[in-house]
Amino acid sequence: MTIEITISHDDFDIGALHHALQIGNVQQGAVVTFTGLVREFSHGDNVVALELEHYPQMTEQLLLTIAQQAQQRWQLGRISIYHRIGYLPLGEQIVFVGVTAKHRQSAFDGAQFIMDYLKTQATFWKKEHFSHTSQWVEFKASDLQAQQKWR
C-alpha cells in the first residue's frame, strides 16, 4: 500500500500516473482515476484561467490525511494525488486522483471520497480570472453536501 502526493506547477502525464498505479500490482483488480480541468464557465462568466495557491506543509499533510482515511476505509492499495498550483489557462489539467483496490466499488468510492474532501478540506485557494476581472472562489454548497455523504 503506497500513497504518492505531488503538488507542482508542472503539468502531469495521465498515462504515466496510471501506469505507476498499475505496474506490478497483481493484488488489485481495479484502477479508478479522475482528472479535473480548468473549465470555461463559472457563475455565468467566461473563465480564461484559474490560479491556485497553497500553504505547502499544511496542504501536503491534509492530502496525506485524506488519502490515509480513504485507504483505511476501503482497503485501497495504491493512491496517487497530483495537484497543480499556479496560473492555469483554460483547458489545463488541475488535479489527478488515482486509486487501486481489490474490487471496483471500493476503488470508485475511494476516489470519490478523496475528491469530495479535496474540494472542501485541502488548503488550496482558487482565483478565477475572466477577461477583465478576477475573483476568489469559495467552495459551493454542493461540495459540502457531497462531503456529508461520507460521514
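The values are calculated or read from the model by the stated rules, or taken from the named source; none is laboratory data. Model, not experiment: these values are computed from the prediction. Here the Cβ is made from the backbone with ideal geometry for all residues, glycine too, and neighbour counts use every protein chain on show.
Key figures for this structure:
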{"item": "Options Gln135, Gln69: the member that is free of Cβ contacts under 8 Å to residues at least 12 places away in the same chain and surrounded by 13 or more Cβ atoms within 10 Å (Cβ to Cβ)", "result": "Gln135"}
{"item": "Selection status of Gln112, over 18 Å from Gln61 (Cα atoms), among the polar types (S, T, N, Q), over 14 Å from the mean Cα position of the chain (by Cα) and not in a loop (DSSP other than H, G, I, E, B)", "result": "no"}
{"item": "Matching entry among Lys102, Lys149 (being surrounded by fewer than 17 Cβ atoms within 10 Å (Cβ to Cβ) and modelled with pLDDT of 95 or more)", "result": "Lys102"}
{"item": "Where Ala49 falls short, out of the listed (1) free of Cβ contacts under 8 Å to residues at least 60 places away in the same chain; (2) surrounded by fewer than 19 Cβ atoms within 10 Å (Cβ to Cβ); (3) hydrophobic (A, V, I, L, M, F, W, C)", "result": "(1)"}
{"item": "Residues of segment 1-60 classified as over 23 Å from Asp116 (Cβ atoms), assigned to a strand (DSSP E or B) and either in contact with a Cys (Cβ under 7 Å, 6 or more places away or on another chain) or among the small types (Gly, Ala, Ser) (or both), total", "result": "1"}
{"item": "Matching entry among Thr123, Thr133 (being in contact with a His (Cβ under 7 Å, 6 or more places away or on another chain), of a type in the set (Ser, Thr, Tyr) and closer than 25 Å to Val47 by Cβ)", "result": "Thr123"}
{"item": "Count of segment 39-48 residues which are closer than 12 Å to Gln135 by Cβ and at pLDDT 85 or above", "result": "1"}
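Residue by residue, here is whether (1) modelled with pLDDT under 95; (2) crowded, with 19+ Cβ neighbours inside 10 Å holds:
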site: Glu92; (1), (2): no, no
site: Gly98; (1), (2): no, yes
site: Ser106; (1), (2): no, yes
site: Leu118; (1), (2): yes, yes
site: Trp125; (1), (2): yes, no
site: Ser131; (1), (2): yes, no
site: Gln145; (1), (2): yes, no
